[in-house]
Amino acid sequence: MATAIIVIDDASPDGTLDVAKQLQEIYGKDKVVLRPRASKLGLGTAYLHGIKQATGNFIFIMDADLSHHPKFMPDFIKKQKEGNYDLVSGTRYRGSGGVYGWDLRRKLISRGANFLTQTLLRPNASDLTGSFRLYKKEVLETLVEKCMSKGYVFQMEIIIRARQLKYTIGEVPISFVDRVYGESKLGGNEIVSFAKGLLLLFATT
């Protein structure tokens, strides 16, 4: 099975693309595939952009700044094989999972988003806003096509749509460590977008 790292970078301020270029020089363009975009176009379109480059049957989605540590990837693979899950999601809020390096504001936003989603939509998953996940490729393609959101709320919607479509979901505890360099792109606009997206899902699911 072909294995490659596909980097979709929307002009991120953390220098991810520069590091990816260095890795490409070391490992080759067939192993490290760079697909930069000039501006932030949304997670949903980034997923579609990446799927087009993927050749394997499974796709990992993760942050490239090591906030999502690769050491957890074998746990995802083991979990997927145990139940032949369509989707395995990393969770910061169950078992040994946790968050490190966030200020109180970021913790409150994440916890609050998850709490509101759990209360209104009851998705039967513990971490709705995280993005460290393993998908069957065809499942991810279907979910992305069904999702209407593009920003911060996209991660939440993809879980909700997976439940609607009766896809099976497993969870793996992970530790999320905030980036050391660069800045987060989460701002007021993303928070407003999340609130609108949550209300839309509540009204349509």
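The values are calculated or read from the model by the stated rules, or taken from the named source; none is laboratory data. These numbers were taken from a predicted model, which means no experiment stands behind them. Don't worry about glycine lacking a Cβ; one is built from the backbone with ideal geometry, like all the others, and counts go over all protein chains shown. Surface areas here come from the heavy atoms of the whole protein model, side chains and all, with no ligands, DNA or RNA. Shrake-Rupley method; radii C 1.70, N 1.55, O 1.52, S 1.80 Å.
Observations
- Entries in Lys81/Lys137; Lys29/Lys81; Lys31/Lys166; Lys40/Lys196 that, when Cα-Cα distance is taken, lie over 26 Å: Lys29/Lys81; Lys31/Lys166
- Accessible surface of segment 1-41 [probe 1.4 Å, protein heavy atoms]: carbon and sulfur percent: 56
- Farthest positive-ward along the chain dipole, Cα basis, beta-carbon charges - from Met156, Asn57, Thr119: Thr119
- DSSP beta bridges confined to the chain are antiparallel in about 40 percent of cases.
- Each peptide among 169-178, 32-41 gets the average number of other Cβ atoms lying within 10 Å of its residues, and from highest to lowest they stand as 169-178, 32-41.
- Semi-axes of the equivalent ellipsoid for segment 1-41, computed as √(5λ) from the eigenvalues of its C-alpha gyration tensor and ordered from largest down, come to 19, 12, 6 Å.
- Accessible surface calculations at 1.4 Å, restricted to protein heavy atoms, place the chain at 55 Å² per residue.
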